[in-house]
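Asks: Have a look at this one.
Please treat every number below as a calculation from the coordinates, not as lab data. Quick caveat, the model's predicted, so the values are computed rather than measured. When we count neighbours, we look across all protein chains shown, and the Cβ atoms used for this are built from the backbone with ideal geometry, even at glycine.
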Amino acid sequence: MNVLPADARKLINRFQGGFPISRRPFLQVAAKLGMTESALISLVGDLLREGYLSRFGPLFDAARMGGQQVLAAMAVPEPRFAEVVALVNDLDCVAHNYRREHALNMWFVISAESPELVARTADRIEERSALPVYRFPKLREFYVGLFLELDANGGVDTVSPEIPRRSTAYRLTPRDRALVVCCQEGLPLVAEPWEAIAARAGMPVAEAMERLRELESHGVIRRVGAVPNHYRLGLRANGMTVWDVADAKAEAIGARIGALPFVSHCYLRPRHLPDWPYNLFAMVHGTDRAAVESKRSRIRHLLGESSMRDDILYSSAILKKTGLKLAA
């Protein structure tokens, strides 16, 4: 159990999103937290170095900029596991990679600025590994957002704030794209971080901030702020629950599951019969597997006879975890 200082808890609880796109954002946030600007910048740096935050800055949605994110899975023979991990992780388009306890034991996300690049990446993995890559593009997104709430005793759990609806797509201009490239490693920890980003992108800071606000309004930027490392903060069990529900009912059921406060991600995805009969995916996190199983039971109770079968895939290792990476 990690008991963080009060200032760190307040920052994480209040600014997993909503970090301002303004000339002195750390100064604005520091005033709300009762801190000085320099103390806040130092705090963010400490939390990143100590692993309590995995990043600080904008999170991007590839699909909103005309790209695609595809969940993929492989059944990797144990003697070849390390070899295939190296092959998959070497590709910039692979954002996340997890080992899961299932015959399909490697699950990763391919995220790129075009569906064609996603397809080429998956094809390349198949060719180089000589193993099938099962592809699970999202057919419908019901909820996505892993937000944490920390208490004064070191307790942690997920919460599901309401996320505003955004338009479905946005065409990046070359100058927009330059900003995304300059932001994708996170914000510089300086008093005027957006000015530093603008300088990297070669444009005036006023223009950069206007473009970034536009990207946020269209959902290309999902949110700006602290991205907690849920493992480091105590949520060490995560299970990908999967459900086989009738296609005609899947959207209505998915909306109900996605509305549950403890579900961080919920998607409708294609089946791969006969190997994979499940079409509804819902991520659940907990301090241990008993907590995850309790939440899984609540989903099962909600579904009742609507679920023909289900499973849960626990992650046993993080193999890679980065954000969207556009080529410079």
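Asks: Take the cross-link list Lys32/Lys325; Lys295/Lys321; Lys249/Lys295; Lys10/Lys295; Lys249/Lys321; Lys10/Lys249 and give me the ones stretching past 30 Å between alpha-carbons.
Replies: Lys32/Lys325; Lys249/Lys321; Lys10/Lys249
Asks: Select from the range 185-258 those chymotrypsin sites (Phe, Trp or Tyr not before Pro) which occupy a DSSP coil region and have at most 10 other Cβ atoms within 10 Å, ordered by residue number.
Replies: none
Asks: Calculate the all-directions average of the projected area of the chain's alpha-carbon convex hull, and give it in nm².
Replies: Mean projected area of the Cα convex hull: 16.7 nm².
Asks: Using DSSP to call loops (not H, G, I, E or B), can you name the GluC sites (Glu not before Pro) in the range 156-243 whose Cβ has at most 13 other Cβ atoms within 10 angstrom?
Replies: Here the GluC sites (Glu not before Pro) that fit, given the DSSP loop and packing criteria, are Glu162, Glu185.
Asks: Based on the Kirkwood radius over alpha-carbon pairs, what value in µm²/s does the Stokes-Einstein equation return for the translational diffusion coefficient of the range 1-78 at 10 °C and 1.306 mPa s?
Replies: Using the Kirkwood radius from Cα pairs, D works out to 105 µm²/s.
Asks: Near the amide H of Gly66, under 5 Å away, which other amide H atoms are found, from residues 5 or more places off or on another chain, if H is placed in the peptide plane?
Replies: Tyr170
Asks: Whole-Hz ³J(HN,Hα) for each residue in the range 216-221, computed from phi via Karplus 6.51 cos²θ - 1.76 cosθ + 1.60 with θ = phi - 60°, x for glycine and proline: what do you get?
Replies: 5, 5, 8, x, 4, 8
Asks: Between Arg55 and residues 5 or more places away or on another chain, which pairs have amide H atoms under 5 Å apart, with H built 1.01 Å from N, and which residues are they?
Replies: Val227
Asks: Oh, and also: State whether the range 82-187 is rounded, prolate or oblate according to the following rule on the C-alpha gyration tensor (a ≥ b ≥ c being the square roots of its eigenvalues): a/c under 1.5 gives rounded; otherwise a/b larger than b/c gives prolate, and the remaining case gives oblate.
Replies: Here the range 82-187 falls in the oblate category.
Asks: Okay, moving on. In sequence order, what are the phi-derived ³J(HN,Hα) couplings for the range 67-72 according to the Karplus relation 6.51 cos²θ - 1.76 cosθ + 1.60 with θ = phi - 60°, rounded to whole Hz, with x for glycine and proline?
Replies: x, 7, 10, 10, 6, 9
Asks: Expressed as a whole number of Å, what is the distance separating the alpha-carbon centroids of the range 110-172 and the range 277-324?
Replies: Comparing the Cα centres of the range 277-324 and the range 110-172, I get a distance of 15 Å.
Asks: Let me ask something additional. Please list the non-local residues whose amide H lies under 5 Å from the amide H of Met106, H modeled 1.01 Å from N, same-chain partners needing a gap of 5 or more.
Replies: When sequence neighbours closer than 5 places are left aside, the close amide H contacts are Met74, Val76, Arg100.
Asks: In whole Hz, with x marking every Gly and Pro, tabulate ³J(HN,Hα) for the range 179-187 from phi via Karplus 6.51 cos²θ - 1.76 cosθ + 1.60, θ = phi - 60°.
Replies: With coefficients 6.51, -1.76 and 1.60, one gets 5, 4, 4, 6, 9, 5, 8, x, 7 Hz.
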